[in-house]
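Here's the structure we're looking at; comments come further down.
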Amino acid sequence: MTASRWLFAIALAGLVVVAAAIWYFMGPGPLTFAGTETVRLADYQGPNPSGVPSELSQSDPVTRGRYLTHAADCQACHTLEGGLPFAGGRAFKTQFGTLYSSNITPDRETGIGAWSAGDFLRAVHKGVRPDGTHLYPAFPYAAYTYLTDDDVQAIWAYLGSIPAVKNPIPANDLAFPFNQRWLMGIWSGLFNPDRRFAPNVRRTPEWNRGAYLAEGLAHCGDCHTPRNLLQALDNRRKFGGALTAGWRAYNITGHPMTGVGGWSEEDLAQYLATGHATNHGTASGPMGEAVDISLSKLTPSDIRALVAYVRSIPPIAASDFPAVRTEVADATPWSGADVTADSLGKQVFAGACAGCHGWTGTSPVMDRATLIGSRALNDPTAVNVVQMVLSGSPAGMPAFGAAYSDAEIAAVANYVTARFGAKASAVTARKVAHLRTTT
Amino acid sequence: MSIKLTVNGDSRELDIDPDMPLLWAIRDHLRLTGTKFGCGMALCGACTVHIDGQPTRSCVTPVSATQGRQVTTIEGLATPAGRAIQAAWVDGNVPQCGYCQSGQIMSAAALLAANPHPSDADVDSAMAGNICPCATYVRIRSAIRHAAEALAAGTSAPAQG
């Protein structure tokens, strides 16, 4: 080949690499699956999908803002465990280092009391602080960017009405190059659409309200959609399940076996509104928090809208997940093929768990403690089982992290997945030690 | 079949089925009746004994699982933590009907042996599997706190009576 042919070949190969990178990183947006027949919100003929539900539409801005702040679940991230709401300081341990959430109370020095309404709007839509520096996308502004200006201003009005708390936030502890905030400007340029929600005319008004709630406010995808190497959501696997903050956010696509396609609409609505549905387990960890602080505060009409939207997500099979087992375990500790009589896991289960959860996995005490049907028990990695044993659950389960060793917790996780789930897990003491450091 | 058991430091050989629950062997064959039968399903904690220091529900543990291991029942609980717990139980008048109490004491003694300064949350998680139908939970928690203090101060005396 001549030199020019070589150059041509190299250039072509380079183009292919660039095209592949663009294809990989610049995937579809969160609403691409629904089709392109969207209109600007101002031009939409149907009922307004933004704002508060009709019951609250006549109320003052602070009341509307409170509802929207709940729906956006600001409080979960901006509150330290046991701390004052919205005063920030909660640590987020990522693979790049530790981030601390900011104080969003109206304190002028340590909070956002010195910001203007315009500053707040820019931060929420564009991820930029008043001094022009960029926020890290742990703050889900790529979702909040879909919110209308009015809704952001209502949230601003509410946050201005809560007590100011003086709470200085520690500096982030991130490794180079992730400590370079200006790089987040490039991330934002690539992955923040910086567009407001555009209703889809082919879908129902209820679906549009659900889409606005799920994509703009509740930012479900931030936990439930896997991320690419640049930490942007990979919407080719939208809602397909991901590991976030040491917990597994499950597949919530319409897949009948490994998603929520097999759940009835009533079960989905009940789970979102109360954190529990019969034979589907109980929300714990970050989802338990999302229900407590956010979803349980939504009106029934908004819960129905969320269900309608989640129902429309294209099914994705989670290949590493067996179908959820629905039959109960044997009634006595001495029977069942999975039981080895003197296993450490059984000993721990007998001492700490059987009283509430029962040997069948159907709780003799309360519906919320029933294990059968829970996805955590059917997850062969048992990540959420270990996390629940370590840190307990607001639904009433004590934390056993201090009471049992890593080996005992690994043993009981493997015992319960074998006894009550579709497939036994193989958790090691080392894995438990690692999970202790992730939250 | 011959089963060798070491209970409260004594080695005994019993001709029993290896699948027999440890509780049956302790109560019916060794005549140590301080350990109680509650539910038979590891749901209540009344039958708690120690196997190598670990609180264990004897009603669901086959005797074969205790071969070569040290079983301790309420009659033989004489560790420093065990003595401190028993003294605190007497001082605080913890029991009401008393049926669950040997199990409560075994769980509490194992807790203090592993964690000499338990927080209230540690107490709740360690004692979560021991049910008291008389609801003496508040007295149990306070007795465990007093026993921990006495252990730390080195003032625990053997239980009287």
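Among the residues of this structure, A:Ala422 counts as one that is among the hydrophobic types (A, V, I, L, M, F, W, C), surrounded by fewer than 20 Cβ atoms within 10 Å (Cβ to Cβ) and under 27 Å from A:Val328 (Cβ atoms). Within the range B:67-87, is even one residue closer than 14 Å to B:Leu22 by Cβ, surrounded by 24 or more Cβ atoms within 10 Å (Cβ to Cβ) and within 14 Å of chain A (Cβ to nearest Cβ)? Yes - at least one qualifying residue is present in the range B:67-87. Scoring A:Gly82 on the criteria (1) at pLDDT below 90; (2) over 26 Å from A:Gly288 (Cα atoms); (3) not β-branched (Val, Ile, Thr) leaves a single failure, condition (2). Among the numbered conditions (1) within 27 Å of the chain's Cα centre (by Cα); (2) at pLDDT 90 or above; (3) among the hydroxyl-bearing types (Ser, Thr, Tyr), the only one that A:Tyr44 does not meet is (1).
When the range A:363-415 is filtered for residues that are within 13 Å of chain B (Cβ to nearest Cβ), assigned to a loop (DSSP other than H, G, I, E, B) and hydroxyl-bearing (Ser, Thr, Tyr), the ones remaining, listed by number, are A:Ser363, A:Tyr404, A:Ser405. Looking at the range A:113-151 only, could you name the residues that are crowded, with 19+ Cβ neighbours inside 10 Å and over 24 Å from the mean Cα position of the chain (by Cα)? A:Trp115, the sole residue that qualifies.
Residues checked against (1) farther than 27 Å from B:Leu112 by Cβ; (2) within 10 Å of chain A (Cβ to nearest Cβ); (3) not aromatic (Phe, Trp, Tyr):
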site: B:Lys4; (1), (2), (3): yes, no, yes
site: B:Val7; (1), (2), (3): no, no, yes
site: B:Ala42; (1), (2), (3): no, yes, yes
site: B:Ile51; (1), (2), (3): no, yes, yes
site: B:Ser64; (1), (2), (3): yes, yes, yes
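Remark: A:Ala142 falls outside the filter, which requires a residue to be part of a loop (DSSP other than H, G, I, E, B) and over 23 Å from A:Thr439 (Cβ atoms). Can you tell me which condition A:Arg108 does not meet? The list is (1) surrounded by fewer than 20 Cβ atoms within 10 Å (Cβ to Cβ); (2) under 19 Å from the mean Cα position of the chain (by Cα), and all the others hold. If we test A:Arg108 against (1) surrounded by fewer than 20 Cβ atoms within 10 Å (Cβ to Cβ); (2) under 19 Å from the mean Cα position of the chain (by Cα), just (2) comes out false.
Looking only at the range B:22-40, how many residues end up being of a type in the set (Gly, Ala, Ser) and either more than 13 Å from chain A (Cβ to nearest Cβ) or under 15 Å from B:Gly76 (Cα atoms) (or both)? Adding up the residues that qualify gives 2.
Mind listing whichever residues of the range A:258-313 are free of Cβ contacts under 8 Å to residues at least 12 places away in the same chain and of a type in the set (Asp, Glu)? Hit for the range A:258-313 is A:Glu266, nothing else. Checked against (1) modelled with pLDDT under 90; (2) under 27 Å from B:Pro118 (Cβ atoms); (3) more than 14 Å from chain B (Cβ to nearest Cβ), A:Arg430 passes all but a single condition, namely (1). Here is the figure for the range A:1-36: residues that are within 20 Å of A:Ala143 (Cα to Cα) and not in a helix (DSSP H, G or I) total 8.
May I ask you to verify whether A:Ser335 is among the polar types (S, T, N, Q), out of contact with any helix residue (DSSP H, G or I) (no Cβ under 7 Å at 6 or more places or on another chain) and modelled with pLDDT under 95? For A:Ser335, the condition - among the polar types (S, T, N, Q), out of contact with any helix residue (DSSP H, G or I) (no Cβ under 7 Å at 6 or more places or on another chain) and modelled with pLDDT under 95 - is met. Of all residues in the range A:231-246, those that are closer than 12 Å to A:Ala318 by Cα and in the same structural domain as A:Pro286 (by TED's automatic domain parsing) have Cβ atoms under 7 Å from Cβ atoms of residues that are outside any loop (DSSP other than H, G, I, E, B) and aliphatic (A, V, I, L, M), 6 or more apart or on another chain, in A:Gly241/A:Ala249; A:Ala242/A:Ala249. If we scan the range A:343-360, do we find a residue that is within 21 Å of A:Asn279 (Cβ to Cβ), more than 26 Å from the chain's Cα centre (by Cα) and among the aliphatic types (A, V, I, L, M)? Yes, the conditions are met somewhere in the range A:343-360. In the range A:37-81, of all residues being of a type in the set (Ser, Thr, Tyr) and part of a helix (DSSP H, G or I), the one that is nearest to A:Leu217 (Cα to Cα) corresponds to A:Thr69. Checking the range A:249-256 against the condition returns no match, with no residue being closer than 25 Å to A:Ala142 by Cα, touching a residue at least 60 places away in the same chain (Cβ under 8 Å) and not in a loop (DSSP other than H, G, I, E, B).
The values are calculated or read from the model by the stated rules, or taken from the named source; none is laboratory data. The shown structure was predicted, so the numbers you read here are calculated from the model rather than taken from an experiment. Neighbour counts are summed over all protein chains in view; Cβ atoms, including those assigned to glycine, are modelled from backbone coordinates with ideal geometry.
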